[in-house]
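The values are calculated or read from the model by the stated rules, or taken from the named source; none is laboratory data. Predicted model only: the values in this text are computed from it and were never measured. Cβ placement follows ideal geometry from the backbone for every residue including glycine, while neighbour counts extend to all protein chains displayed. Accessible surface is based on the protein model in full, side chains and every heavy atom, while ligands, DNA and RNA are left aside. Shrake-Rupley method; radii C 1.70, N 1.55, O 1.52, S 1.80 Å.
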Amino acid sequence: MKKTLGKSICLFSGKGGVGKTFLTLCLAGIYRTLEKKVLILDMDLSGGNIALAMNKPYEKTIYNFVDDYINNRFKSLDDYVTHYNEFIDILPSPKDPRQATKIDSKYIEIALEKACIHYDVVLVDTTHDLNETNLVVLDLVDQILFVMQNDPMDLKNMKSLLSIFRDLEKSNYKILLNNSRDPFKKYFTMFDLKNVLKANIDYVLSSEFYLKNIDSYIMNGEIVTLQPKAANVFNKDYTVLMKMAVEFLGKEESDNGEN
Ligand SMILES: Nc1ncnc2c1ncn2[C@@H]1O[C@H](COP(=O)(O)OP(=O)(O)O)[C@@H](O)[C@H]1O
Ligand SMILES: [Mg+2]
(Lines give C-alpha, C1' and ligand atoms only; values in the text may rest on other atoms or scores of the structure.)
(Ligands and ions follow the chains in the order given, each with its own letter.)
Protein backbone atom coordinates (compact mmCIF):
# COMPACT_ATOMS: atom_id res chain seq x y z
CA MET A 1 0.00 0.00 0.00
CA LYS A 2 2.85 2.37 -0.82
CA LYS A 3 1.60 5.87 -1.51
CA THR A 4 3.85 8.16 -3.49
CA LEU A 5 3.77 11.86 -2.70
CA GLY A 6 1.33 13.92 -4.71
CA LYS A 7 2.48 16.46 -7.29
CA SER A 8 2.17 20.11 -6.41
CA ILE A 9 1.50 22.53 -9.26
CA CYS A 10 1.31 26.30 -8.96
CA LEU A 11 -0.26 28.61 -11.51
CA PHE A 12 1.52 31.94 -11.65
CA SER A 13 1.70 34.97 -13.94
CA GLY A 14 3.37 38.31 -14.43
CA LYS A 15 0.08 40.18 -14.13
CA GLY A 16 -3.44 39.61 -12.86
CA GLY A 17 -6.52 38.61 -14.80
CA VAL A 18 -4.82 36.24 -17.24
CA GLY A 19 -7.02 33.24 -16.38
CA LYS A 20 -5.11 31.46 -13.58
CA THR A 21 -8.15 30.81 -11.41
CA PHE A 22 -10.24 29.62 -14.34
CA LEU A 23 -7.43 27.33 -15.50
CA THR A 24 -6.92 25.99 -11.98
CA LEU A 25 -10.54 24.84 -12.06
CA CYS A 26 -10.16 23.42 -15.58
CA LEU A 27 -7.11 21.43 -14.49
CA ALA A 28 -8.90 20.16 -11.40
CA GLY A 29 -11.65 18.86 -13.69
CA ILE A 30 -9.10 17.17 -15.95
CA TYR A 31 -7.39 15.47 -13.00
CA ARG A 32 -10.75 14.30 -11.70
CA THR A 33 -11.35 12.73 -15.12
CA LEU A 34 -7.99 10.99 -14.69
CA GLU A 35 -9.32 9.77 -11.31
CA LYS A 36 -6.72 11.68 -9.33
CA LYS A 37 -7.54 13.02 -5.87
CA VAL A 38 -7.09 16.79 -6.11
CA LEU A 39 -6.74 19.55 -3.56
CA ILE A 40 -7.08 23.14 -4.73
CA LEU A 41 -5.18 25.38 -2.36
CA ASP A 42 -6.39 28.96 -2.79
CA MET A 43 -3.36 31.12 -2.13
CA ASP A 44 -4.99 34.28 -3.42
CA LEU A 45 -5.07 35.09 0.28
CA SER A 46 -6.83 38.43 0.21
CA GLY A 47 -9.28 37.87 -2.62
CA GLY A 48 -9.46 34.21 -3.54
CA ASN A 49 -12.50 33.06 -5.44
CA ILE A 50 -12.09 29.31 -5.73
CA ALA A 51 -14.82 28.44 -3.20
CA LEU A 52 -17.15 30.98 -4.79
CA ALA A 53 -16.52 29.62 -8.29
CA MET A 54 -17.28 26.14 -7.02
CA ASN A 55 -20.42 27.43 -5.31
CA LYS A 56 -19.66 25.66 -2.05
CA PRO A 57 -20.52 26.92 1.41
CA TYR A 58 -17.51 26.50 3.68
CA GLU A 59 -16.47 27.08 7.27
CA LYS A 60 -12.74 26.53 7.47
CA THR A 61 -10.00 28.19 5.46
CA ILE A 62 -6.22 28.22 5.22
CA TYR A 63 -6.32 30.85 7.99
CA ASN A 64 -8.02 28.40 10.40
CA PHE A 65 -5.48 25.75 9.48
CA VAL A 66 -2.57 28.09 10.31
CA ASP A 67 -4.24 29.44 13.46
CA ASP A 68 -5.00 25.96 14.78
CA TYR A 69 -1.56 24.69 13.85
CA ILE A 70 0.13 27.48 15.82
CA ASN A 71 -2.15 26.87 18.80
CA ASN A 72 -1.75 23.08 18.83
CA ARG A 73 -5.35 22.44 17.86
CA PHE A 74 -4.57 20.92 14.48
CA LYS A 75 -5.52 17.26 14.04
CA SER A 76 -6.09 16.54 10.38
CA LEU A 77 -6.02 18.49 7.12
CA ASP A 78 -9.41 16.95 6.35
CA ASP A 79 -10.95 19.17 9.06
CA TYR A 80 -10.17 22.24 6.95
CA VAL A 81 -11.05 21.20 3.42
CA THR A 82 -14.40 21.54 1.68
CA HIS A 83 -15.47 18.68 -0.57
CA TYR A 84 -16.50 19.62 -4.09
CA ASN A 85 -17.03 16.08 -5.33
CA GLU A 86 -15.60 12.67 -4.57
CA PHE A 87 -12.25 13.60 -6.13
CA ILE A 88 -11.85 17.35 -5.65
CA ASP A 89 -11.38 19.19 -2.35
CA ILE A 90 -10.75 22.88 -1.71
CA LEU A 91 -8.71 24.61 0.98
CA PRO A 92 -10.23 28.09 0.63
CA SER A 93 -8.52 31.42 1.13
CA PRO A 94 -9.44 33.42 4.27
CA LYS A 95 -12.99 34.73 4.58
CA ASP A 96 -11.76 38.05 5.92
CA PRO A 97 -9.01 39.58 3.73
CA ARG A 98 -7.38 41.05 6.86
CA GLN A 99 -6.49 37.51 7.91
CA ALA A 100 -4.21 37.23 4.88
CA THR A 101 -1.46 39.23 6.54
CA LYS A 102 -1.54 36.95 9.59
CA ILE A 103 -0.53 33.89 7.59
CA ASP A 104 3.12 33.10 8.10
CA SER A 105 4.60 31.47 5.02
CA LYS A 106 6.29 28.76 7.07
CA TYR A 107 2.84 27.26 7.73
CA ILE A 108 2.09 27.26 4.02
CA GLU A 109 5.04 24.92 3.70
CA ILE A 110 3.46 22.63 6.30
CA ALA A 111 0.07 22.76 4.57
CA LEU A 112 1.67 21.86 1.25
CA GLU A 113 3.62 18.97 2.78
CA LYS A 114 0.51 17.54 4.38
CA ALA A 115 -1.52 18.01 1.22
CA CYS A 116 1.00 16.10 -0.89
CA ILE A 117 0.68 13.15 1.48
CA HIS A 118 -3.10 12.95 1.10
CA TYR A 119 -3.69 13.99 -2.49
CA ASP A 120 -2.40 12.89 -5.89
CA VAL A 121 -2.33 16.48 -7.11
CA VAL A 122 -2.24 19.78 -5.25
CA LEU A 123 -3.16 22.75 -7.43
CA VAL A 124 -2.10 26.08 -5.98
CA ASP A 125 -3.87 29.16 -7.30
CA THR A 126 -1.99 32.39 -6.55
CA THR A 127 -1.96 36.09 -7.20
CA HIS A 128 0.69 37.52 -9.50
CA ASP A 129 2.69 39.22 -6.72
CA LEU A 130 6.20 38.12 -5.90
CA ASN A 131 5.43 38.46 -2.21
CA GLU A 132 6.81 36.33 0.61
CA THR A 133 4.11 33.64 0.55
CA ASN A 134 4.11 33.32 -3.23
CA LEU A 135 7.91 33.06 -3.26
CA VAL A 136 7.70 30.25 -0.71
CA VAL A 137 5.05 28.47 -2.78
CA LEU A 138 7.04 28.92 -6.01
CA ASP A 139 10.10 27.51 -4.32
CA LEU A 140 8.32 24.47 -2.89
CA VAL A 141 6.07 23.21 -5.67
CA ASP A 142 7.11 20.51 -8.11
CA GLN A 143 5.85 22.37 -11.13
CA ILE A 144 5.02 25.97 -12.05
CA LEU A 145 2.70 26.93 -14.87
CA PHE A 146 3.25 30.49 -16.04
CA VAL A 147 0.12 31.80 -17.69
CA MET A 148 0.38 34.73 -20.09
CA GLN A 149 -1.70 36.58 -22.62
CA ASN A 150 -0.59 37.98 -25.95
CA ASP A 151 -0.11 41.66 -25.15
CA PRO A 152 2.86 44.00 -24.60
CA MET A 153 2.47 44.40 -20.83
CA ASP A 154 2.16 40.73 -20.21
CA LEU A 155 5.12 39.99 -22.45
CA LYS A 156 7.26 42.48 -20.53
CA ASN A 157 6.21 41.05 -17.16
CA MET A 158 6.71 37.48 -18.30
CA LYS A 159 10.17 38.34 -19.58
CA SER A 160 11.23 39.75 -16.22
CA LEU A 161 9.74 36.77 -14.39
CA LEU A 162 11.75 34.42 -16.56
CA SER A 163 14.95 36.33 -15.96
CA ILE A 164 14.37 36.10 -12.20
CA PHE A 165 13.86 32.36 -12.54
CA ARG A 166 17.03 32.04 -14.62
CA ASP A 167 18.95 33.92 -11.92
CA LEU A 168 17.55 31.54 -9.32
CA GLU A 169 18.50 28.61 -11.57
CA LYS A 170 14.96 27.31 -11.41
CA SER A 171 13.70 25.49 -14.46
CA ASN A 172 10.67 23.58 -13.23
CA TYR A 173 8.24 25.76 -15.14
CA LYS A 174 6.19 25.63 -18.31
CA ILE A 175 4.67 28.55 -20.17
CA LEU A 176 1.07 28.64 -21.31
CA LEU A 177 -0.12 31.28 -23.75
CA ASN A 178 -3.78 31.82 -22.94
CA ASN A 179 -5.64 33.13 -26.00
CA SER A 180 -8.96 32.08 -24.50
CA ARG A 181 -9.14 34.76 -21.82
CA ASP A 182 -9.51 37.52 -24.42
CA PRO A 183 -9.79 36.36 -28.02
CA PHE A 184 -8.91 39.83 -29.35
CA LYS A 185 -5.47 39.88 -27.78
CA LYS A 186 -3.07 38.59 -30.40
CA TYR A 187 -0.65 41.42 -30.86
CA PHE A 188 2.55 39.44 -31.34
CA THR A 189 3.36 36.48 -33.55
CA MET A 190 4.49 33.28 -31.90
CA PHE A 191 7.97 33.91 -33.32
CA ASP A 192 8.12 37.34 -31.66
CA LEU A 193 6.87 36.03 -28.34
CA LYS A 194 9.48 33.28 -28.20
CA ASN A 195 12.17 35.61 -29.45
CA VAL A 196 11.52 38.21 -26.77
CA LEU A 197 11.13 35.65 -24.01
CA LYS A 198 14.10 33.59 -25.21
CA ALA A 199 12.00 30.64 -24.19
CA ASN A 200 9.69 28.08 -25.65
CA ILE A 201 5.94 28.42 -25.26
CA ASP A 202 4.90 24.99 -24.10
CA TYR A 203 1.13 25.15 -24.39
CA VAL A 204 -1.37 27.38 -26.18
CA LEU A 205 -5.07 27.65 -25.45
CA SER A 206 -6.99 29.00 -28.41
CA SER A 207 -9.62 31.72 -28.65
CA GLU A 208 -12.14 28.92 -29.24
CA PHE A 209 -11.95 28.24 -25.52
CA TYR A 210 -13.33 31.71 -24.79
CA LEU A 211 -16.58 31.19 -22.88
CA LYS A 212 -19.22 33.84 -23.29
CA ASN A 213 -21.22 32.25 -20.49
CA ILE A 214 -18.35 31.78 -18.04
CA ASP A 215 -20.28 33.53 -15.25
CA SER A 216 -23.10 31.01 -15.43
CA TYR A 217 -20.57 28.24 -14.80
CA ILE A 218 -19.37 30.21 -11.78
CA MET A 219 -22.87 30.88 -10.45
CA ASN A 220 -23.72 27.20 -10.80
CA GLY A 221 -20.41 26.02 -9.38
CA GLU A 222 -19.69 24.00 -12.49
CA ILE A 223 -16.27 23.09 -13.83
CA VAL A 224 -16.15 23.46 -17.61
CA THR A 225 -13.90 20.46 -18.17
CA LEU A 226 -16.29 18.24 -16.23
CA GLN A 227 -19.24 18.99 -18.47
CA PRO A 228 -20.27 15.86 -20.37
CA LYS A 229 -19.58 17.30 -23.82
CA ALA A 230 -16.45 19.32 -22.97
CA ALA A 231 -14.02 16.92 -24.63
CA ASN A 232 -15.98 17.17 -27.88
CA VAL A 233 -17.01 20.81 -27.85
CA PHE A 234 -13.55 22.11 -26.92
CA ASN A 235 -11.71 19.27 -28.56
CA LYS A 236 -8.42 21.05 -29.38
CA ASP A 237 -8.10 22.93 -26.09
CA TYR A 238 -9.32 20.02 -24.01
CA THR A 239 -6.55 17.96 -25.58
CA VAL A 240 -3.98 20.64 -24.66
CA LEU A 241 -5.18 20.66 -21.04
CA MET A 242 -5.14 16.86 -20.89
CA LYS A 243 -1.63 16.67 -22.35
CA MET A 244 -0.39 19.28 -19.89
CA ALA A 245 -2.03 17.55 -16.93
CA VAL A 246 -0.50 14.20 -17.84
CA GLU A 247 2.94 15.73 -18.41
CA PHE A 248 2.81 17.37 -14.99
CA LEU A 249 2.20 14.01 -13.37
CA GLY A 250 5.54 12.79 -14.67
CA LYS A 251 6.36 9.48 -16.30
CA GLU A 252 5.81 6.96 -13.50
CA GLU A 253 2.40 8.34 -12.63
CA SER A 254 0.98 8.72 -16.11
CA ASP A 255 2.03 5.16 -17.02
CA ASN A 256 0.33 3.84 -13.95
CA GLY A 257 -3.14 5.11 -13.04
CA GLU A 258 -2.96 3.73 -9.51
CA ASN A 259 -0.94 4.91 -6.59
N1 LIG B 1 -11.68 31.20 -21.25
C2 LIG B 1 -12.33 32.26 -20.74
N3 LIG B 1 -13.45 32.73 -21.34
C4 LIG B 1 -14.12 33.80 -20.85
N5 LIG B 1 -13.76 34.46 -19.75
C6 LIG B 1 -12.65 34.05 -19.09
C7 LIG B 1 -11.89 32.94 -19.55
N8 LIG B 1 -10.85 32.76 -18.67
C9 LIG B 1 -10.99 33.70 -17.74
N10 LIG B 1 -12.06 34.49 -17.96
C11 LIG B 1 -12.53 35.61 -17.14
O12 LIG B 1 -11.46 36.54 -17.04
C13 LIG B 1 -11.37 37.08 -15.74
C14 LIG B 1 -9.99 36.80 -15.16
O15 LIG B 1 -9.82 35.39 -15.06
P16 LIG B 1 -9.18 34.75 -13.76
O17 LIG B 1 -9.17 33.28 -13.97
O18 LIG B 1 -9.86 35.27 -12.54
O19 LIG B 1 -7.71 35.35 -13.88
P20 LIG B 1 -6.55 35.42 -12.75
O21 LIG B 1 -6.84 34.33 -11.76
O22 LIG B 1 -5.27 35.19 -13.50
O23 LIG B 1 -6.61 36.79 -12.15
C24 LIG B 1 -12.50 36.46 -14.93
O25 LIG B 1 -13.61 37.33 -14.94
C26 LIG B 1 -12.80 35.19 -15.69
O27 LIG B 1 -14.13 34.77 -15.50
MG1 LIG C 1 -7.14 34.43 -9.70
Using a Förster distance of 30 Å, the FRET efficiency for residue 59-residue 139 (Cβ separation, nearest 0.05): 0.50
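Which is the longest part of the chain that has none of the GluC sites (Glu not before Pro) sitting in a DSSP loop with at most 12 other Cβ atoms within 10 Å?
Working: sites that count: 35, 59, 86, 169, 258.
Of all site-free stretches, the longest is 170-257.
Gain in length, residue 98 to residue 243, computed as 0.36 nm per residue apart minus the alpha-carbon separation, to one decimal in nm?
Details: separation 145, 0.36 × 145 = 52.20 nm, distance 3.85 nm.
The span from residue 98 to residue 243 would gain 48.4 nm if fully extended.
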Roughly what % of Cα-Cα distances in the stretch 7-250 sit above 25 Å, to the whole percent? 39
Please give the helix 152-167 orientation as an angle from the longest Cα principal axis of the chain, in degrees from 0 to 90, rounded to the nearest 10. 60
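Can you check what the net charge comes to around residue 10, using other residues whose Cβ is under 14 Å from the Cβ of residue 10 (Lys, Arg +1; Asp, Glu -1)?
Values: positive: 7, 20, 170, 174; negative: 42, 44, 109, 125, 129, 139, 142.
Taking every other residue near residue 10 into account, the sum is -3.
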The chain, relative contact order [Cα under 8 Å, separation at least 6], %: 28
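Within the stretch 105-200, report the chymotrypsin sites (Phe, Trp or Tyr not before Pro) that DSSP leaves as loop and that have at most 11 other Cβ atoms within 10 Å. Spell out each step's value before the answer.
Values: sites: 107, 119, 146, 165, 173, 184, 187, 188, 191; in loops: 119, 184, 187, 188.
Passing sites in the stretch 105-200 are 184.
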About its Cα centre, what dipole magnitude does the stretch 7-250 give when the only charges are +1 on Lys and Arg Cβ and -1 on Asp and Glu Cβ, stated in debye to the nearest 20? 560
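Which net charge results when you count Lys and Arg as +1 and Asp and Glu as -1 among the other residues whose beta-carbon is under 12 Å from that of residue 114? Please report the intermediate quantities before stating the final value.
On the way: positive: 75; negative: 78, 79, 109, 113.
After counting each charged neighbour, the total is -3.
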Give me the distance between the Cα centres of the stretch 144-182 and the stretch 51-92, rounded to whole Å. 30
Note down the accessible area of residue 153, probe 1.4 Å, to the nearest 10 Å². 140
What spacing in nm lies between the two simple spin-label points modelled at residue 231 and residue 156, each 7 Å away from Cα in the Cβ direction? 4.4
If I fit a long axis through the Cα atoms of helix 105-118 and take the longest principal axis of the Cα atoms of the chain, what angle between them do I get, 0 to 90°, rounded to 10? 90
GNM flexibility winner over the chain from 110, 218, 30 (Cα, springs under 10 Å): 110
Of 28, 51, 231, the one that fluctuates the most in a GNM where the chain has Cα springs shorter than 10 Å: 231
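Restricting attention to the stretch 70-131, which trypsin sites (Lys or Arg not before Pro) occupy a DSSP loop and are surrounded by at most 16 other Cβ atoms within 10 Å? The partial results should precede the final answer.
Working: sites: 73, 75, 95, 98, 102, 106, 114; in loops: 73, 75, 95.
Filter output for the stretch 70-131: 73, 75, 95.
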Full-stretch length increase - residue 5, residue 86 - with 0.36 nm per residue and alpha-carbon distance subtracted: 27.2 nm
Tell me whether the stretch 11-113 comes out rounded, prolate or oblate; compute the Cα gyration tensor, take square roots of the eigenvalues as a ≥ b ≥ c, and use a/c under 1.5 as the rounded threshold. oblate
